[in-house]
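Before any comments, here is the structure.
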Amino acid sequence: MIMSKKVAIIGSGFSSLSAACYLAKAGFEVDVYEKNKTVGGRARQLVRDGFTFDIGPSWYWMPDIFERFFNDFGKSTSDYYQLDKLSPAYKIFFSDDVITIGDSMDKICEEFERIEPGSSAHLRKFIAKAQENYDIAINKIVYRPGISPFELVTVDTAMRVDQFFKTISGQVRKQFKNPKLIATLEFPVLFLGAKPSKTPSFYSFMNFADFGLGTWHPKGGMYKIIEGMKALAEELGVQIHTGHAVEKIKVANGKAEGIVMNQQQIEADFVLSGADYHHSETLLDPQYRQYSESYWDNKTFAPSSLLFYVGFDKKLKNIEHHNLFFDTDFERHAEEIYDDPQWPTEPLFYVNFPSVTDATMAPEDCETGFFLVPIAPDLEDNEALREQYFDVIINRLEARTDQQLKNNIIFKESFCVNDFKEQYNSYKGNAYGMANTLLQTAFLRPGLKSKKVKDLFFTGQLTVPGPGVPPSLISGKLVSELISQQK
Ligand SMILES: Cc1cc2nc3c(=O)[nH]c(=O)nc-3n(C[C@H](O)[C@H](O)[C@H](O)COP(=O)(O)OP(=O)(O)OC[C@H]3O[C@@H](n4cnc5c(N)ncnc54)[C@H](O)[C@@H]3O)c2cc1C
């Protein structure tokens with residue numbers, strides 16, 4: 001009998017669960033070791049007093065990538081969760097107006113015309129170009145492992161090489177003059193973790209993901225995807241061990257031989273870490289680490305976040321499922337995240353109320369509220385600061401939506417830099433990994449395969465292709481293919 005080769009996977013976020021499924025399907029014996037009590041990593045769930053919160057991600061974009069993942073196993077997303085397209089997709093509050101993004105280009109064009117007459121013709125052209133980029137990026141580039149610069153060289157990219165050197169910010173400003181429309185079109189690339197003025201215009205494919213493909217919601221919340229992936233992994237034979245913090249990656253003669261936790265050694269033919277890359281390397285003796293502390297320190301990290309999970313004892317008015325509060329200075333907040341890291345003077349923030357469209361998320365006549373303030377990584381974090389900012393954003397929410405809310409809060413929990421570090425071993429408490437800038441794209445990112453230790457691999461939002469749930473699914477697939485090639 002031929003024995004299956006063993007893979008020990010560290011972490012159970014989207015990337016680890018994705019890799020676990022592909023590796024099990026390829027015939028490996030797969031064990032997942034997760035430090036926390038539940039799986040899902042940054043996408044875990046908080047359930048309290050009948051309210052359900054997604055702890056991290058809440059925007060379901062690029063439904064094609066989720067579908068493709070489950071299709072690879074002869075399944076569909078609908079085998080695991082019900083997906084609904086949100087209408088409207090979201091609402092943006094500015095200081096003097098509110099923009100509503102509908103669920104079709106026609107509705108969005110109408111809204112653009114209202115703000116800037118004549119802008120819808122530019123928008124249609126901009127989105128048509130973004131769609132071409134989406135097709136190239138998703139169908140021809142992103143499923144490549146980031147090993148060689150030539151992966152980026154195709155006839156299509158060669159014809160668009162200028163778009164890697166121009167920025168999304170410049171591109172948007174050329175075609176739109178109204179600051180509210182500019183902010184609306186710069187919003188999607190914030191998911192990539194850097195300032196729009198530092199993000200190549202080729203990434204306008206995020207605008208197609210937004211306006212062209214729409215915003216979706218898995219009934220019951222984003223955690224339904226994690227539950228689906230866990231169920232799939234287990235169907236494929238993956239063993240998942242929660243409450244297991246890995247303390248060391250064992251290396252002998254330059255080869256990964258397993259992991260160590262609680263003085264117990266677990267042998268494996270391959271080790272794959274889906275924990276934050278920086279932390280994963282600290283599990284190795286220094287001579288086996290590929291990247292120095294100064295390497296990490298010089299990288300552009302995606303922001304950290306101050307988060308609040310709030311149960312309200314009434315239904316709120318004038319809000320949608322997703323709400324962006326861009327009623328303060330966008331540029332200044334971005335500078336306070338990236339250029340001169342400090343707590344924001346007047347923060348932009350995001351709130352979702354999933355119970356607006358999904359009754360399973362809150363008790364009857366109640367609302368589930370998730371608040372997010374993006375902040376620079378590694379800022380000082382304490383209770384007093386968190387409270388100070390909650391006051392600021394709840395006051396703004398009350399004022400902009402014309403209602404009293406403070407006396408309707410049943411409970412409130414918060415999560416910030418210290419929690420990201422403590423709960424996920426996150427480098428500097430980053431929320432969503434290393435940004436996708438020109439110099440942090442594809443082969444220029446930390447690699448999926450260790451250059452120093454044989455049979456050691458990495459996956460997740462600090463490696464290829466980048467931050468976000470869809471890229472994490474792809475990262476797991478890419479690394480599983482590299483491991484399968486070694487079999
Ligand atoms: C607040 C927030 C909002 C976001 N919003 C969105 C969104 O709306 N849409 C979107 O697409 N993306 C969003 N993202 C990004 C998305 O959630 C992440 O890109 C994705 O979940 C990362 O998955 P991962 O597998 O790379 O890492 P993680 O989810 O961080 O998984 C790593 C796992 O490794 C575990 N671990 C760490 N050290 C050890 C150890 N020593 N031993 C064992 N286990 C260990 C951790 O506990 C964790 O479970 C958001 C992220 C955050 C935090």
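Values quoted throughout were computed directly from the atomic coordinates according to the rules given, and no laboratory measurement underlies them. Here the structure is a predicted model, which means the values were calculated and not measured. Glycine gets a Cβ as well: all are built from the backbone with ideal geometry, and neighbour counts include every protein chain shown.
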Response to the item:
If Glu110, Glu116, Glu336, Glu267 are placed from fewest to most neighbouring beta carbons inside 10 Å, the sequence is Glu267, Glu110, Glu116, Glu336
Worksheet item: Rg to Rh ratio, the chain, alpha-carbon atoms and Kirkwood radius?
Response: 0.95
Practice prompt. List the aspartates and glutamates whose Cα lies under 17 Å from the Cα of Lys428, skipping any in the same chain that are fewer than 8 positions away.
Written response: Asp276, Glu281, Glu293, Asp297, Glu336, Asp339, Asp340, Asp378, Glu380, Asp381, Asp419
Practice prompt. Counting helices only, and only those DSSP H runs with n ≥ 4, report the 222 nm mean residue ellipticity of the chain as the sum of -39,500 (n - 2.57) divided by its residues, in deg cm²/dmol to the nearest 500.
Written response: -9500 deg cm²/dmol
Item to complete: State which entries of Lys250/Lys299; Lys37/Lys451; Lys125/Lys224; Lys224/Lys449; Lys230/Lys477 exceed 25 angstrom in Cα-Cα distance in the structure shown.
Response: Lys250/Lys299; Lys37/Lys451; Lys125/Lys224; Lys224/Lys449
Practice prompt. Just the number, please: Stokes-Einstein D of segment 167-284 in µm²/s, Kirkwood Rh from C-alpha pairs, 37 °C, 0.692 mPa s.
Written response: 177
Worksheet item: In which sequence would Thr52, Thr368, Thr38 go, from the one with the fewest C-beta neighbours within 10 Å to the one with the most?
Response: Thr38, Thr52, Thr368
Worksheet item: Just in segment 292-349: which trypsin sites (Lys or Arg not before Pro) are loop by DSSP and have at most 16 other Cβ atoms within 10 Å?
Response: Lys314, Lys315, Lys317
Worksheet entry | Relative contact order for segment 209-297, counting Cα pairs under 8 Å that sit 6 or more residues apart, in percent | 15
Item to complete: Compute the separation of the alpha-carbon centres of segment 343-411 and segment 192-208 and state it in Å as a whole number.
Response: 27
Item to complete: At 20 Å minimum axial length over the Cα atoms and a Kyte-Doolittle cut of 0.0, report the qualifying DSSP H helices in the chain, or say none.
Response: 469-486
Worksheet item: Taking only C-alpha pairs under 8 Å that are 6+ residues apart, what is the relative contact order of the chain in percent?
Response: 24
Worksheet entry | segment 104-216: relative contact order as a whole-number percent, Cα under 8 Å and 6+ apart | 38
Discussion item. Among Leu236, Gly369, Gln423, which residue has its Cα furthest toward the positive end of the charge dipole of the chain, with +1 on Lys/Arg Cβ and -1 on Asp/Glu Cβ?
Written reply: Leu236
Fill in: Radius of gyration and Dmax over the Cα atoms of segment 86-222, both given in Å
15.6, 48
Discussion item. Explain nothing, just the number: dipole magnitude of segment 104-216 about its Cα centre with +1 on each Lys and Arg Cβ and -1 on each Asp and Glu Cβ, in debye rounded to the nearest 20.
Written reply: 340
Fill in: Whole-Å semi-axes of segment 157-207's equivalent ellipsoid (Cα gyration tensor)
18, 13, 8
Item to complete: Decide, for segment 261-334, between rounded, prolate and oblate: order the square roots of the alpha carbon gyration tensor eigenvalues as a ≥ b ≥ c, take rounded if a/c falls under 1.5, and otherwise choose prolate if a/b is larger than b/c, else oblate.
Response: oblate
